[in-house]
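Peer 1: Supplied in structure tokens, the structure appears directly below.
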Amino acid sequence: MIGRFLSELRGRRIVGVRTKEGKVLVPPLEYDPATGEPVTGEFVEVGPAGTVTTWAFVPEPGAGHPLDRPFAWALIKLDGADTALVHAVDAGDPQRLRAGMRVWPVWSDHPAGQITDISCFVPEVTDIVVNVRTEYRLQAGGALRVFLEGIERGVFLGGRCDTCAKVYVPYRLTCPECGNAIPETLELPDTGTITTFAINNLPDPRAPEVPFVSAYILLDGSDIPMIALIGDVPAHEVRQGMRVKAVWVPELERTASMANIRWFAPTGEHDVERP
Ligand SMILES: [Zn+2]
């Protein structure tokens, strides 16, 4: 019985034997300890994972112990078995040990047909902590591409709805209010008025400093404000109604990207009432 059990361990399999009552004994025995009857001789593969039923913690391992760090001797009922196997559980912190804990075997790299072919059992991994970085590349759609090509030339492109006469910037293909197609683009100036703003105290790679201000800016001639950074002015001086103008990066550095606009800076004109 034990010879078969150990031979199977060498192949990284754990087997038990079935009793006449249909129970699976692991490790296998020649006689059913409950009835004294000989077992059937039918071997059954179990585990390899199992559940800890009880344990004893060993804070200071001795020379003959399977691990050189604190561990627990545990009774482990392998999946499919009706009896528990004694083995070492390497759980690190004893606080992690509990009855019902799921464990998996760690196999020795050099199996020899011994119980030590299982180096120990370790807690089942139920979660992991991992640092993930995901980079996105945004593919501009038809209308956004037209707008960004304008930005590359240093121009804000909007569109006027023929039906309601509203001017939208960035340019869009249809009017969200009427649903009508907007056939043509319209060049807008790079000046406007702050309608509302927020002072941000968390750093952002696009922002000049902390705190920085992001604002909704109503470009002159537009009916919809667009969001942008405000620069060249202390955050506490930014206000609603303030007149601003885009600060562009030098022409040679421009691409079809919003990064062409550093930020909007105050023009020094008088504020606008109720923008
Ligand atoms: Zn419209």
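The values are calculated or read from the model by the stated rules, or taken from the named source; none is laboratory data. Keep in mind that this is a model prediction, so the values were computed, not measured. Here the Cβ positions follow ideal geometry from the backbone for every residue, glycine too, while neighbour counts run over all protein chains shown. For the accessible areas, the whole protein counts, side chains as well, though only heavy atoms, and no ligand, DNA or RNA atoms are used. Shrake-Rupley method; radii C 1.70, N 1.55, O 1.52, S 1.80 Å.
Peer 1: Mean residue ellipticity at 222 nm from the helices of the chain, using -39,500 (n - 2.57) per DSSP H segment of n ≥ 4 over the full residue count, to the nearest 500 deg cm²/dmol?
Peer 2: Details: 2 runs with 21 residues, N = 275.
The helix contribution divided over the chain gives -2500 deg cm²/dmol.
Peer 1: Can I ask one more? Carbon and sulfur: what percent of region 142-268's accessible surface (1.4 Å probe)? Can you show the working numbers first?
Peer 2: Working: 3560 of 6740 Å².
Heavy-atom surface of region 142-268 belonging to carbon and sulfur, 1.4 Å probe: 53 percent.
Peer 1: Restricting to region 1-123, compute how many DSSP beta bridges are antiparallel as a %, nearest 5. Working shown, then result.
Peer 2: Numbers: 27 of 28 bridges.
Around 95 percent antiparallel, to the nearest 5.
Peer 1: From the square roots a ≥ b ≥ c of the eigenvalues of the alpha-carbon gyration tensor of region 1-123, which class results: rounded (a/c under 1.5), prolate (a/b over b/c), or oblate?
Peer 2: Details: a/c = 2.15, a/b = 1.57, b/c = 1.37.
Since a/c reaches 1.5 and a/b is larger than b/c, the shape of region 1-123 is classed as prolate.
Peer 1: Could you give each residue of region 236-253 its phi-based ³J(HN,Hα) in whole Hz, using Karplus coefficients 6.51, -1.76, 1.60 with θ = phi - 60°, and x for Gly or Pro?
Peer 2: Listing the rounded values in order: 6, 8, 6, 8, 5, x, 5, 7, 9, 9, 5, 9, 8, 6, x, 3, 5, 8 Hz.
Peer 1: Here's something else I'd like to know. With the other protein chains left in place, how much accessible area per residue, in square angstrom, belongs to the chain at a 1.4 angstrom probe?
Peer 2: On the way: 16360 Å² over 275 residues.
Computed with neighbouring chains in place, this is 59 Å² per residue.
Peer 1: How high is the relative contact order of region 142-268, in percent, counting Cα pairs under 8 Å that sit 6 or more residues apart?
Peer 2: On the way: 276 pairs, mean separation 29.3, N = 127.
Relative contact order, region 142-268: 23 percent.
Peer 1: Continuing with this model, one more query. Normalised by the number of residues in the chain, what is the relative contact order in percent for Cα pairs under 8 Å and 6+ residues apart? Display every interim value, and only then the final one.
Peer 2: Numbers: 582 pairs, mean separation 30.3, N = 275.
Worked out over the chain, it gives 11 percent.
Peer 1: As a test of understanding, state the convex hull volume per residue of region 210-275 from its alpha carbons, in Å³.
Peer 2: On the way: hull volume 7.1 nm³, N = 66.
Cα convex hull per residue, to the nearest whole number: 108 Å³.
Peer 1: OK, next. Going highest first, how would you order 56-63, 3-10 by mean Cβ packing within 10 Å?
Peer 2: On the way: 56-63: 10.2, 3-10: 15.9.
Descending packing order for the listed peptides: 3-10, 56-63.
Peer 1: Using +1 on the beta carbon of Lys and Arg, -1 on that of Asp and Glu, and nothing else charged, what's the dipole of region 142-268 about the Cα centre, debye to 20?
Peer 2: It works out to roughly 120 debye.
Peer 1: Only bridges whose two residues both fall in the chain count here: according to DSSP, what percent of them are antiparallel, nearest 5?
Peer 2: Values: 54 of 56 bridges.
So the antiparallel bridges in the chain amount to around 95 percent.
Peer 1: Now a separate question. In terms of the Cα gyration tensor, with a ≥ b ≥ c the square roots of its eigenvalues, is the chain rounded because a/c is under 1.5, prolate because a/b exceeds b/c, or oblate?
Peer 2: On the way: a/c = 4.56, a/b = 3.29, b/c = 1.39.
Judged from the Cα gyration tensor, the chain comes out prolate (a/c at least 1.5, a/b above b/c).
Peer 1: Another one. What part of the accessible area of region 1-123, given as a whole %, is carbon or sulfur when the probe is 1.4 angstrom? Before the final figure, lay out the partial values.
Peer 2: Values: 3410 of 6520 Å².
The computed percentage sits at 52.
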